[in-house]
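The values are calculated or read from the model by the stated rules, or taken from the named source; none is laboratory data. Quick caveat: nothing in here was measured; it's all calculated off a predicted structure. Note: ideal-geometry Cβ built from the backbone for every residue, glycine included; neighbour counts use all protein chains shown. SASA here: full protein model, heavy atoms, side chains in, ligands and nucleic acids out. Shrake-Rupley method; radii C 1.70, N 1.55, O 1.52, S 1.80 Å.
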Amino acid sequence: MSTDGGSSFSTRPVPLDDPADTTIAYGADTLPAVPITQAAGSPPRDLAIEPQADTVWTAGGRSGLRRWTAQDGAWTRAVLPPDTSTRIEPTTPTDFLVAPPQDDGRGFQNHRALSVLVDETGTVWAGTAAGLNRSTPGDVGPSGDRAWRLFRPDGTPNSLTGQLVLGLAEQPRPDGRNPVWIATLRADGGSVLQRSGLTVTPDGGETFRQPLIGEQVNDVAARRARVYAATENGLFVSGTQGRTWRTVEEVSIADESQAFPGEVTARSVEVTPAALWVGTTKGLLRLDRADEPRLLPDEPDAPRPEWQLFRTEVPVNPDEPTEQVPDVETYAYPNPFVPSRDDAVRIVYDVPEPQTVKVSIYDFGMNRVRTLEEQEPAGQQEIVWDGTDASGLRLPTGTYLYTVEVGGTTVRGKILLSN
């Protein structure tokens, strides 16, 4: 975190429970709970600030939805509805286990928090693996406990597209209530009523609209005049409240010494007063705010805006090796690779001239489990692996070896995968 506008940063531990935290008070009830004591799968995935109450909210995956208040100076676990209910209230007696899904079948997907937002009215929105939760200022009881309403996809246009709510964004508008945009993903094995895409509610959850259906939307951001959706097929941009979209599949980089290989796979997007930021599988992109209108050009042949690209700068084959930057021909990061936390591992190598690079991944018995190919420009490049085999199945924990065939040579490395 930073308290000085980014000039300096300090770390904070992942909010976790004491092993003795086996109950949680909610209203007049004492609910059983599974304490979350491991950081794996529990790092903050999203943060939101509620300035009126000096409160910070975090969506922490398995650790659920939590809040920190200046008054308490500590993180507390928020109680959300179980998957079997659409509303809970602290004034109504209730009894259920507060826990994400457990190996023994207990727990609820709605207690696995993926995104959080506090809008202009003070309403708290929490996206989970089971849908979208809403708690208005009027839902706060005398004890501070909140009532929650759970919205889930029902197959109609007036509902969420998908069950997994990956991202939330509030759009400032000149008249009426600010719309809330919702990036959703169809859950594996989920109901046929689900579809991946983008949903928007213009009236605080009274109605919903589905302006983008069928795309795997990983995140969403909005300005007054534009909406941005980060998808597996590029950055989608709309200047018409989602009625029409333009896709940014390729980008031009301002620095001629850099290259952005291939098409854009966007995993996150955010707007700040000065710029648009897009997190991709090949680096972080930044576009000056003044250049954003050029993403929706009036003429089809208009020149594309130029982006800044930020990437890791640890070289392979360094001129002056050190203990921190050893002389290696390839490396992978993060390593160990935890798919539930890291999403993907990146394999780095040097390409002497433009060509197709082939990366083969083997299990410890030297059985090839995945082959990745990419047409690469010259220079230091990287390829992304999500920890699955050729069939898309998640691979078990273990040591995996990889080879990179480039420039007529083969270089080797290894990856420790930990589920």
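Before moving on, here are some points about what is shown:
- The listed residue being within 25 Å of GLY162 (Cα to Cα) and open to solvent by 60 Å² or more (accessible area, probe 1.4 Å), out of ARG134, ARG106: ARG106
- Residue within region 368-388 that is open to solvent by 80 Å² or more (accessible area, probe 1.4 Å) and under 24 Å from ASN419 (Cβ atoms) present: yes
- Any hit, region 114-122, residues being over 25 Å from ALA70 (Cβ atoms) and either at pLDDT 95 or above or of a type in the set (Gly, Ala, Ser) (or both): yes
- Of all the numbered requirements in (1) over 27 Å from TYR333 (Cα atoms); (2) open to solvent by 10 Å² or more (accessible area, probe 1.4 Å), TYR228 misses one, and that requirement is (2).
- Number of the condition not met by ALA129 [criteria: (1) in contact (Cβ under 8 Å) with a residue 24 or more places away in the chain; (2) hydrophobic (A, V, I, L, M, F, W, C); (3) within 19 Å of GLY204 (Cα to Cα); (4) out of contact with any Asp or Glu (no Cβ under 9 Å at 6 or more places or on another chain)]: (3)
- The residue list VAL248, VAL269, VAL264, VAL220 contains one member that is in contact with a helix residue (DSSP H, G or I) (Cβ under 9 Å, 6 or more places away or on another chain) and within 30 Å of ILE347 (Cα to Cα), which is VAL248.
- Condition met for VAL314 (open to solvent by 20 Å² or more (accessible area, probe 1.4 Å), more than 30 Å from ARG224 (Cβ to Cβ) and free of Cβ contacts under 8 Å to residues at least 40 places away in the same chain): yes
For every residue, the table says whether it meets (1) among the acidic types (Asp, Glu); (2) touching a Phe, Trp or Tyr at 6+ places or on another chain (Cβ under 7 Å).
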site: ASP343; (1), (2): yes, no
site: VAL348; (1), (2): no, yes
site: VAL359; (1), (2): no, yes
site: GLY365; (1), (2): no, no
site: ALA390; (1), (2): no, no
site: THR397; (1), (2): no, no
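- Among the residues of region 329-354, those that are more than 16 Å from LEU395 (Cα to Cα) and open to solvent by less than 50 Å² (accessible area, probe 1.4 Å) comprise THR330, TYR331, ALA332, PRO334, ARG346, ILE347, VAL348, TYR349, VAL351.
- Selection of region 379-403 for residues being of a type in the set (Ser, Thr, Tyr) and farther than 18 Å from THR265 by Cα yields SER391, THR397, THR399, TYR400, TYR402, THR403.
- Listed here are the strands (runs of 3 or more DSSP E) enclosed by region 145-214 that have at least 3 residues being crowded, with 21+ Cβ neighbours inside 10 Å, at pLDDT 95 or above and not aliphatic (A, V, I, L, M): 197-201.
- Selection within region 344-356 - over 28 Å from the mean Cα position of the chain (by Cα) and of a type in the set (A, V, I, L, M): VAL351
- PRO326 vs. criteria loosely packed, with under 15 Cβ neighbours inside 10 Å and in contact (Cβ under 8 Å) with a residue 24 or more places away in the chain: no
- Those residues of region 51-77 which are within 20 Å of VAL165 (Cβ to Cβ) and open to solvent by 20 Å² or more (accessible area, probe 1.4 Å), in sequence order: VAL56, ARG62, ARG67, ARG77
- Total residues in region 13-50 satisfying the condition of being under 19 Å from SER115 (Cβ atoms), open to solvent by 60 Å² or more (accessible area, probe 1.4 Å) and among the charged types (D, E, K, R): the figure is 1.
- Among residues that are open to solvent by less than 30 Å² (accessible area, probe 1.4 Å) and more than 18 Å from PHE236 (Cβ to Cβ), VAL116 is included.
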